[in-house]
Protein chains: 2
Amino acid sequence: MKIYTIKDIARKAGVSVTTVSRVLNKRPDVNPATRERVERVMAECRFVGNANARGLKQPDGDLIAIILRGRENPFLNALAEAMLAHTQGLKASFLTEFVDEQADEFQAAIRLSHEKRVKGFIFVGGRIDERSEVLQDMDAPMVFTTISAENAAFPRAASVSIDDRAMGRAAMQTLLDAGHRRIAIFGGIRQGDDGFAKRYAGAMDALSAAGVPFDESRFVQTRFSLSGAYESARQFFADKADTTAVFAMSDTVAIGVIRALKDIGRSVPEDVSVVGYDGIEMGKFFLPRLTTVEQPVDDIARQSVHVLMDMLEGGQPPSHIVVDAKLVLRESVAPCQG
Amino acid sequence: MKIYTIKDIARKAGVSVTTVSRVLNKRPDVNPATRERVERVMAECRFVGNANARGLKQPDGDLIAIILRGRENPFLNALAEAMLAHTQGLKASFLTEFVDEQADEFQAAIRLSHEKRVKGFIFVGGRIDERSEVLQDMDAPMVFTTISAENAAFPRAASVSIDDRAMGRAAMQTLLDAGHRRIAIFGGIRQGDDGFAKRYAGAMDALSAAGVPFDESRFVQTRFSLSGAYESARQFFADKADTTAVFAMSDTVAIGVIRALKDIGRSVPEDVSVVGYDGIEMGKFFLPRLTTVEQPVDDIARQSVHVLMDMLEGGQPPSHIVVDAKLVLRESVAPCQG
DNA sequence: ATCGTTACCGACAATGTTTCCATACGAGTT
DNA sequence: AACTCGTATGGAAACATTGTCGGTAACGAT
């Protein structure tokens, strides 16, 4: 199948490439008859413009990258998809880029800003590394999600997230309300991710408000995958078998933990209660259904793209935007038996 | 942050752009001292070439697109990721493109072949529409996965899949072996997807070999999502409550069905047995663990990219490649009680 | 001293598109 | 008749890079 260029179309229609470009970009200054003729030829040839050549000249619409950390994470994927849904009709174009869990997303950003002249970034599930010199002199606007940039003081950065501290407190509170006292926390401390740190702090708030001391050895740092959580849980419960509840900082981790619990003969929620975080779809289908902190995926997505578009048009970035989340009670938490 | 071009680098290093291009492409004919100097300047400026300009001139390496149907499907995602893992060191570059469930992936392919001069395609989870005229005169090589192109007779198309008929038979056989007779099949008949049709045919093979007649009303056509399967199952079991086993044509569907079963007070596998298909990771963590047909993701991926690379180099396409799959027995199937 | 070879490097064309500037032409104004 | 003006069109430069071709210098061989 022949690939036609704008030049071929021009020749076939008996006009100049300039004119073809004009009808392609729906400019007004072309004779209706000519326009119609050119359009017919384009349709016949199934003409589609070359994106590389167009990108070279960088047209009006800016290019924005959504950078996704990890390809498998269902929550982050849902977030990215929701963002794409909010980009319709905007005068920018979007691309999504995946980076490995352990890769440096800023390297990716810097590469994209050169390679494809990307003008703005949305990081989903990213970190903020304030010492990163590449980040320091990156002048493209950036939006971070699920973490907060309020203390980062980059020139053109904003962030959108739920109030992780409050929701961490709420998650822990439901376990306390159910009478649990020996509670484990499965999370991760990731450099540059204050989301996890805030969830942890919130959990501590609830604990100390209730006068329940936290046994540091019940904090488990785990990989954020089904298998990682499973292994961590097997190991943890071999040691701390008297734990009656778990606050898992992601639903994926919660599921891995529940599977492990089941494998050592404990049932959920009868023997051990579990509360998750994120609100992925699978949580509604798992057995038991997950009690979890549900992130408002659509709100986060909408705010993120709007804030970024604002910044692109020169608007002052609001350093941090908080959206409302809610804790949804399902089946994985029950009153403490022990 | 300034975006440097090859021209800036040339000026700073006191050489011509040609020379810079040469060191960029690691060509041998440049003086080591010059090379070192240019490389230093590039490092200082954090220079990264413009992908658009490079794409315009289209260098030796061809561009290949992996077209993924749906963004959420864990099996297809795993397949795509495995493919990417097998592209390392190949002299082609790859991009992955998502298309909506209900969109036409060939439209996307045709667009990519124009827009980005994509030279080859791998469709993961796609269909084959033989009447598609765009497909007919597409001369770029294509590889289809999870379906078979053996009857399609396109000039440069190949396919890689497991033996769906045999595995459909095996899945049904395990249910028959467990003593089940009133068995439902949850699947989809999709135009151009002979994978589902073959699974169905295989199931029929097993049934008729065992002398068990199939009640057509126990074939349920469902959306391939958790919620779609859930709704279909609720509806189906309200009517056909005496069904003791389900063959679900994907693990996602199996999970939706199990959730529905549980909600109407039936347990799995005690009351109803379920066998899934695909072998997604969640199947190993779900309660109960899924008995399923495990697709050899890595084999399919490897074969797909190798076959495509062969075709790109002018090799004759093997019309269809079959890779071995196995049925893994876990917890969701038990002997029939009724 | 001249030739051929090799290593290294630069000028230039080409890629497909958009944009800026120029041109042609008819209508309306002085 | 000489102008401006607006509409419709084309020519050519520009975007950043690669590949082709030719050129220069150095060097050993004749």
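Brief remarks on what is shown
- Residue ID - surrounded by the fewest Cβ atoms within 10 Å (Cβ to Cβ), chosen from residues in region B:48-96 that are within 16 Å of DNA strand C (Cβ to nearest atom) and in contact (Cβ under 8 Å) with a residue 40 or more places away in the chain: B:Q58
Conditions (1) of a type in the set (S, T, Y); (2) under 26 Å from B:G276 (Cα atoms), marked per residue:
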position: B:L76; (1), (2): no, yes
position: B:D104; (1), (2): no, no
position: B:S113; (1), (2): yes, no
position: B:K119; (1), (2): no, no
position: B:S132; (1), (2): yes, no
position: B:A140; (1), (2): no, no
position: B:T146; (1), (2): yes, yes
position: B:P155; (1), (2): no, no
position: B:V160; (1), (2): no, yes
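- Exactly one residue out of B:E101, B:E72 is at pLDDT below 90, under 30 Å from B:F144 (Cβ atoms) and more than 11 Å from chain A (Cβ to nearest Cβ): that is B:E101.
- Among the candidates A:V275, A:V257, residue that is under 20 Å from A:T174 (Cα atoms), in the same structural domain as A:A184 (by TED's automatic domain parsing) and either assigned to a helix (DSSP H, G or I) or modelled with pLDDT under 95 (or both): A:V257
- Here region B:57-69 is the region considered, the condition is being more than 16 Å from A:P74 (Cβ to Cβ) and within 11 Å of another protein chain (Cβ to nearest Cβ), and the residue that is farthest from DNA strand D (Cβ to nearest atom) is B:L63.
- In the set (1) within 24 Å of A:I264 (Cα to Cα); (2) in contact with a Leu (Cβ under 6 Å, 6 or more places away or on another chain); (3) within 14 Å of chain A (Cβ to nearest Cβ), the condition left unmet by B:P288 is number (2).
- Count - residues of region B:200-235 that are surrounded by fewer than 18 Cβ atoms within 10 Å (Cβ to Cβ), within 14 Å of chain A (Cβ to nearest Cβ) and assigned to a loop (DSSP other than H, G, I, E, B): 1
- Within region B:262-285, considering residues that are within 10 Å of chain A (Cβ to nearest Cβ) and not charged (D, E, K, R), the one farthest from B:M204 (Cα to Cα): B:F285
- Those helices (runs of 4 or more DSSP H) of region B:1-56 in which 1 or more residues are away from chain A (no Cβ under 13 Å) and near DNA strand D (Cβ under 7 Å from one of its atoms) occupy B:6-13, B:17-24.
To keep it simple, each residue is scored yes or no on (1) at pLDDT 95 or above; (2) crowded, with 23+ Cβ neighbours inside 10 Å; (3) farther than 27 Å from B:A210 by Cα.
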site	(1), (2), (3)
B:D129	no, no, yes
B:A140	no, no, yes
B:A153	no, no, yes
B:A158	no, yes, yes
B:D164	yes, yes, no
B:A171	yes, yes, no
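The values are calculated or read from the model by the stated rules, or taken from the named source; none is laboratory data. Given the structure is predicted, the values throughout are model-derived calculations rather than measurements. Don't worry about glycine lacking a Cβ; one is built from the backbone with ideal geometry, like all the others, and counts go over all protein chains shown.
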